[in-house]
Amino acid sequence: MQPFGCVLSDAMNAVFKALADESRRKLLDQLHKSNGQTLGELCEHLDMTRQAVTKHLLLLEAANLVAIVWRGREKLHYLNPVPIHEISERWIGKYERHRLQALGDLKKGLEENKTNKKEK
Amino acid sequence: MQKPKLVYTTFIRTTPKKLWAAITKPEFTRQYWGEMTNVSDWKRGSKWEHHNPENEVWITGKVLESTPPKRLVLSWADPDDLADKSRVAFEIEAIEDMTCLTVTHGSFKAGSKMAGKVSRGWPRVLSSMKTFLETGKGLNIFCK
């Protein structure tokens, strides 16, 4: 079941509020790395109490940034990027998208290059 | 049950029937899914195909489950690489005056290229679908 919190027009507020917290962004990073984790698996990689992780996950669920799938009695958490996409649709024009993508790729490429050089 | 790889949910101010039609009827998909269409009679066991505007088949598969307007499960493969088959489930649930759509894409074969391709596509398609159903106009989902 999905929570009702995100249903109304304050859906976007819930997304921004959820993303404003660093711990919650770390949780999303964890799911981005490996999608569909249980609470236990998420706790292993984070320096937070189980209670704190639970609390943050509920907020992320309410913002519809985390989707839940039940596998038997196991609750699996998935990163749901649809609301983030909706935010980008609001401010990014249709002709800007591929230029932004190119700039993003360039930044990523250059930065990866830099790290590689440092390592050497 | 294997753990699905990708799960997306979106809440849309519409009815389950309209949402079902938005997925299954070419006249609707054309308006928000980058002019693509989904073609089938949507009966269990039937073939389904995802076409571009030139009617070329981009994705093909079978209808594995079909319970309008609640649940549609499809197998999903590139016609040029049929062995790389996966499975998509659309689940539609009415919640007050909204409809919640959950798309689960999983059962990817080991080393599948499809997972990487669709993980960029689904969020675009789903937010465009939401905009289309709520405003009558889809988004431009391809960055040409």
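The values are calculated or read from the model by the stated rules, or taken from the named source; none is laboratory data. Please read these numbers as outputs of a predicted model, since none were measured by experiment. A quick note on method: Cβ atoms are made from the backbone with ideal geometry, for glycine too, and the neighbour counts reach across all protein chains shown.
Below, the figures for the structure above:
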{"quantity": "Some residue of region B:51-70 being surrounded by 15 or more Cβ atoms within 10 Å (Cβ to Cβ) and at pLDDT below 95", "calculated": "no"}
{"quantity": "Pairs where the first residue, in region B:1-28, is under 24 Å from A:Ala63 (Cα atoms) and away from chain A (no Cβ under 14 Å) and the second is polar (S, T, N, Q) and surrounded by 14 or more Cβ atoms within 10 Å (Cβ to Cβ), C-beta under 6 Å, 6+ apart", "calculated": "B:Pro16/B:Thr99; B:Leu19/B:Thr99"}
{"quantity": "Test: residue in region A:90-103 that is of a type outside the set (Lys, Arg), out of contact with any helix residue (DSSP H, G or I) (no Cβ under 8 Å at 6 or more places or on another chain) and more than 26 Å from A:Met12 (Cβ to Cβ)", "calculated": "yes"}
{"quantity": "Per-region count, region B:105-144, residues more than 18 Å from B:Lys5 (Cβ to Cβ), aromatic (Phe, Trp, Tyr) and outside any helix (DSSP H, G or I)", "calculated": "1"}
{"quantity": "Selection count where residues are within 13 Å of the chain's Cα centre (by Cα) and of a type in the set (Ser, Thr, Tyr), scope region B:11-39", "calculated": "4"}
{"quantity": "Flag if B:Gly116 is within 14 Å of chain A (Cβ to nearest Cβ), under 26 Å from A:Asn64 (Cβ atoms) and free of Cβ contacts under 8 Å to residues at least 40 places away in the same chain", "calculated": "yes"}
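Results for (1) among the β-branched types (Val, Ile, Thr); (2) in the same structural domain as A:Gln37 (by TED's automatic domain parsing); (3) at pLDDT below 85; (4) closer than 14 Å to A:Leu27 by Cα, shown as yes or no for each residue.
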{"residue": "A:Thr54", "(1), (2), (3), (4)": "yes, yes, no, yes"}
{"residue": "A:Leu58", "(1), (2), (3), (4)": "no, yes, no, yes"}
{"residue": "A:Glu61", "(1), (2), (3), (4)": "no, yes, no, yes"}
{"residue": "A:Val66", "(1), (2), (3), (4)": "yes, yes, no, yes"}
{"residue": "A:Val69", "(1), (2), (3), (4)": "yes, yes, no, no"}
{"residue": "A:Lys75", "(1), (2), (3), (4)": "no, yes, no, no"}
{"residue": "A:Gln101", "(1), (2), (3), (4)": "no, no, yes, no"}
{"residue": "A:Lys117", "(1), (2), (3), (4)": "no, no, yes, no"}
